[in-house]
Amino acid sequence: MPLTRRTRFALFTGVCVLGAAAVTGYAVTGRDPGVPQARDGGAPPCARIAGASPDSLGGFSRWDTDVPGVAVWGDRDIVLRCGVTPPGPTKDMCVSVDGVDWVVDSRQSTGTRKVIVTYGRVPATQVVFEGGEKIDAALIDLSRLVAPSRQGRHCVDTP
C-alpha cells in the first residue's frame, strides 16, 4: 500500500527530529570522544590520572568518557591519554614543570598542535593541545595530576 504524501512527510519529519535528538544527546552526554585508549590505558595509575583530571583545563570543560585512561576538554582542544609508550632518550625539547619532565614530541607537533609526553614515568602520559593556546597554565595542573606516578629518569637536570 503506497504511502500518502502527508504520511511520507510525517515520517520524514519524525526521522529528522529523532536524528537531531540523537546527535544533540550524543554531543551533550556522549561518552566516546573518538580518542583511542593507549596500550596501557587501563593500568591503575591511568585510572587515577583520568579520574582525578580537573573539570576545567585551559578554559575548557571536561567531557565524561568511558575510554580508560583518557580525559578530554573542550571539543578535543586538550586530550590526555595515559598509558602511552614512554619516550626513550631524545633530542626533542624537554621542560620540567613542578618536578614533572615533559618532552615536546616534534614529530607530531605542528605550529598549531603541540604534543607532549611525560618523561621517565611509567605509565607515560601524552597530552595533545590543539590550537597551541593556554599550554603553560594547563601544564601546571597536568603536572600536579601526574606527579604521584613514580619518576625513574629525568630529561632535565634537577638540582
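The values are calculated or read from the model by the stated rules, or taken from the named source; none is laboratory data. Being a predicted model, the structure only gives us computed values, none of them experimental. Glycine gets a Cβ as well: all are built from the backbone with ideal geometry, and neighbour counts include every protein chain shown. The protein model used for the area step is the full one, side chains on, heavy atoms only, and it has no ligands, DNA or RNA in it. Shrake-Rupley method; radii C 1.70, N 1.55, O 1.52, S 1.80 Å.
Could you tell me whether the range 76-86 includes any residue that is of a type outside the set (S, T, N, Q) and over 13 Å from the mean Cα position of the chain (by Cα)?
Yes, some residue in the range 76-86 is of a type outside the set (S, T, N, Q) and over 13 Å from the mean Cα position of the chain (by Cα).
From the residues in the range 46-70 that are touching a residue at least 60 places away in the same chain (Cβ under 8 Å), open to solvent by less than 60 Å² (accessible area, probe 1.4 Å) and not in a loop (DSSP other than H, G, I, E, B), which one is nearest to A138 (Cα to Cα)?
L57
Hey, can you tell me all the residues within the range 82-112 that are in contact with a helix residue (DSSP H, G or I) (Cβ under 9 Å, 6 or more places away or on another chain) and open to solvent by 30 Å² or more (accessible area, probe 1.4 Å)?
V95, S96, D98, G99
Need the failing condition index for W73 against (1) farther than 20 Å from C155 by Cα; (2) open to solvent by 50 Å² or more (accessible area, probe 1.4 Å), just the number.
(2) is the only condition that W73 fails.
Select from the range 103-113 the residues that are under 18 Å from V70 (Cβ atoms) and not in a loop (DSSP other than H, G, I, E, B) and list them in ascending order.
The one that is under 18 Å from V70 (Cβ atoms) and not in a loop (DSSP other than H, G, I, E, B): R113.
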